[in-house]
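These notes concern the structure reproduced below.
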Amino acid sequence: MNLKNSFKTATKSLGKNKMRTTLTSIGVIIGVSSVIIMIGIGSSAQVAVREKILTYGVNAISVQTNYKQFTIADLEKISSTYYQVKYFTPISYSKNMLIKYFNKNQLTGIWGVNNDYFKMKNWPLKFGRYFSEYEIISNEKVAIIGHTVQKNFFPFSDPLEKIILIDNLPYRVIGVLTEMGTALSGRDFDDIVIIPYTTSLIKIKGIKQFEEFFIGVHSENQIDDMVKSLHQYFRRLHPPMLDKRDPVRIQTSKEKLEMAESISRYLSYLLAGIASISLFVGGVGIMNIMLVSVSERTREIGIRMAIGAKSRDILLQFLVESVILSSMGGIAGIIIGISVYYTITYFIHWPFVFSLSGIMLSFLFSCAVGITFGYYPAKKASSLNPIDALRTE
């Protein structure tokens, strides 16, 4: 018997027991759809994590002091010495500062930076303008506010040129940032007020030094060289003390991205592995039903052997039945899985990542389940003695 005839015989046999065929396929349907959903969610999570990490800055390096604070002279020397530097901004951060506007008030983080900060983070304005060089040099009390601050203080009015109080000092609003969203930790990126770093140092902190600065290099390939150069520069400037710690702590967007992608990748593997268990359960279901089918059709098998069917013909027929069951479940599972995955990403506002390779892999895996779990019942059927099979009632 050739494969075409085996296929016809198998479909005819499965068609006689439509309810059993459907119920048997459910295990594979659940398994394949679960794998599709879990792989999809894992891929979406990787993209979402990457987008969140990139809010830290593109090709960005954060340098924090372990000992002595940085001076403006340090910054000028670094920005002029190293060719890799594309963007450079001091960072003066004040946590939970009280800001007021008439009878409204809230605690917000205040960032003191220059205009390179916005370029590094690729954070455009919704409207308004950035700081002028004069405003930075002369410590002007001007502010650019985040979307959350605008929503809380100016829900129905234009915030530009309005005066808000920061630490009881008046600041003029000159711009509003586009909405950035929230971090994976739940922190609101838009609950922020940004002022010139010179203003932050003098008006809020009362000092002329700072503990952190950001660097943006031209390309990702330059990050490692820049980090090495910074370590060497500050070790010469401030040799390690008794505890042998580096004088600075350096973090990069590359490190954060690699760590986050590694975590999300392993999470995807874990989710897909857990979902694959349901495919295994579906395979066991196929095996059980095929064994029942062999028992019910023993006399039929004996008749076929008596009129000339060979063992390999019987083996092929039952294997084809098993593969048809699993592939039907695979196709239905793919359709359901993609639909559920799309619905989930739609409601949680994650990117939908269509993976043709993942779909093909899931379908081939479902077929492999049919072959693996259908082989034993098929082998058992093909090994029956024709005389004994004919005696079966």
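The values are calculated or read from the model by the stated rules, or taken from the named source; none is laboratory data. Since the structure is predicted, the reported quantities are computational estimates derived from the model, not experimental observations. Ideal geometry is used to build each Cβ from the backbone, glycine not excepted, and the neighbour counts take in all protein chains shown.
Points worth noting:
- Restricting region 1-54 to residues that are over 26 Å from LEU279 (Cβ atoms) and touching an Asp or Glu at 6+ places or on another chain (Cβ under 8 Å), the residue that is modelled with the highest pLDDT is VAL49.
- Selection status of PHE131, in the same structural domain as GLN209 (by TED's automatic domain parsing) and exposed (fewer than 13 other Cβ atoms within 10 Å of the Cβ): no
- Checking GLY285 against (1) at pLDDT below 75; (2) buried (at least 17 other Cβ atoms within 10 Å of the Cβ); (3) out of contact with any Asp or Glu (no Cβ under 9 Å at 6 or more places or on another chain), the condition it does not meet: (1)
- Residue within region 200-214 that is within 29 Å of ILE250 (Cβ to Cβ), of a type in the set (Lys, Arg) and under 37 Å from the mean Cα position of the chain (by Cα) present: no
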